[in-house]
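Participant: Below is one structure. I have some questions about it.
The values are calculated or read from the model by the stated rules, or taken from the named source; none is laboratory data. Source: prediction; values computed, not measured. Cβ coordinates were reconstructed from backbone atoms using ideal geometry, including for glycine residues, and neighbour counts include every protein chain displayed.
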Amino acid sequence: MSLDPVVFYINGFLKEAETQHLLAVTEDKFLDSMVYLPNGTSVVDKRYRTSKSAMIPHSDPVARCLDTRMKSLLGNIQHEGTEQLQLVRYGVGEEFVLHNDWLNNPRHARDPGGTERAYNRLASLFVYLEDDCVGGETYFPQVVSAAPTADGTKFSRTSNGEGLLVKPRRGNGVFWNTARMNGTGDERMYHSSLPVESGVKTGMNLFGLYFLDTPIAGQHNYDVDSQHSQFTT
């Protein structure tokens, strides 16, 4: 859908059996979704995000397969970590306003060797699990390169030609780079989940990570203070 910034559509990222498994294991685990503030704290704030979320541990067999699948999308980039898989569910009128997945305040995770290291998000993948809804598109206001002849059943330009709309389609997903190659957040990748008009939308967030003590590619100067995102997923 776009080469600069990198945004592409994936058909059939999830198999039907995987979708059913993820929905089954989270059936009674959804809680109010949180937003992460610039100071790193997380809160429920329904002015900005009204969905519900459920986390799936890395030990889940399907989650392990999806971690591997996500890493394969990153190709030869040396960062192989992923955040814990997160499902999000939107009912009628629910939304997540404009935000960026890149973190103002890096978090910490253990690498495969067991060492705790600071990380940020390298790439985002959002996959749709339930699409029996009207509305609920994923909207990228600064991604404008979808062709006028794009498959309107999956993604399209907005009616005024400004921005990209990705429609919920079960099993399919949208992938984008959250960070630039110099290790700073790409502010062109602000996006929102538009309100669901009827029905229910369930999606899955999967975030690829990079550790701050290792360049994404080559050398860079990392300056977290230069970024201004207010809310993150």
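Participant: Do we find that SER2 is within 17 Å of the chain's Cα centre (by Cα), of a type in the set (Gly, Ala, Ser), surrounded by 14 or more Cβ atoms within 10 Å (Cβ to Cβ) and modelled with pLDDT under 90 in this structure?
Facilitator: Values: within 17 Å of the chain's Cα centre (by Cα): yes; of a type in the set (Gly, Ala, Ser): yes; surrounded by 14 or more Cβ atoms within 10 Å (Cβ to Cβ): yes; modelled with pLDDT under 90: yes.
It is true that SER2 is within 17 Å of the chain's Cα centre (by Cα), of a type in the set (Gly, Ala, Ser), surrounded by 14 or more Cβ atoms within 10 Å (Cβ to Cβ) and modelled with pLDDT under 90.
Participant: Looking at ASP45 and the list (1) assigned to a loop (DSSP other than H, G, I, E, B); (2) out of contact with any strand residue (DSSP E or B) (no Cβ under 6 Å at 6 or more places or on another chain), which single condition is not satisfied?
Facilitator: Only one criterion in (1) assigned to a loop (DSSP other than H, G, I, E, B); (2) out of contact with any strand residue (DSSP E or B) (no Cβ under 6 Å at 6 or more places or on another chain) is unmet by ASP45, namely (2).
This table checks each residue for (1) at pLDDT below 85; (2) in a loop (DSSP other than H, G, I, E, B).
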{"site": "VAL97", "(1), (2)": "no, no"}
{"site": "ASP101", "(1), (2)": "no, yes"}
{"site": "ALA109", "(1), (2)": "yes, no"}
{"site": "GLY114", "(1), (2)": "yes, yes"}
{"site": "ALA123", "(1), (2)": "no, no"}
{"site": "TYR139", "(1), (2)": "no, no"}
{"site": "VAL144", "(1), (2)": "yes, yes"}
{"site": "GLY152", "(1), (2)": "yes, yes"}
{"site": "GLU162", "(1), (2)": "yes, yes"}
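Participant: Please report, ordered by residue number, the strands (runs of 3 or more DSSP E) entirely within the range 165-219 with at least 1 residues that are buried (at least 19 other Cβ atoms within 10 Å of the Cβ) and out of contact with any Asp or Glu (no Cβ under 7 Å at 6 or more places or on another chain). Before you say what the answer is, go through the steps one by one.
Facilitator: On the way: elements: 173-177, 191-193, 196-199, 201-211.
Filter on the range 165-219 gives 173-177, 191-193, 201-211.
Participant: Taking the residues in the range 5-40 that are in contact (Cβ under 8 Å) with a residue 60 or more places away in the chain and of a type in the set (Phe, Trp, Tyr) as candidates, determine which candidate is surrounded by the fewest Cβ atoms within 10 Å (Cβ to Cβ). Let's see the steps before the verdict.
Facilitator: Taking the range 5-40 and keeping what is in contact (Cβ under 8 Å) with a residue 60 or more places away in the chain, we get 5-16, 19, 22-23, 26, 33, 35-40.
Going one step further and asking which of them are of a type in the set (Phe, Trp, Tyr), we end up with 8-9, 13, 36.
Details: PHE8: 12, TYR9: 18, PHE13: 23, TYR36: 19.
Of everything passing the filter in the range 5-40, PHE8 is surrounded by the fewest Cβ atoms within 10 Å (Cβ to Cβ).
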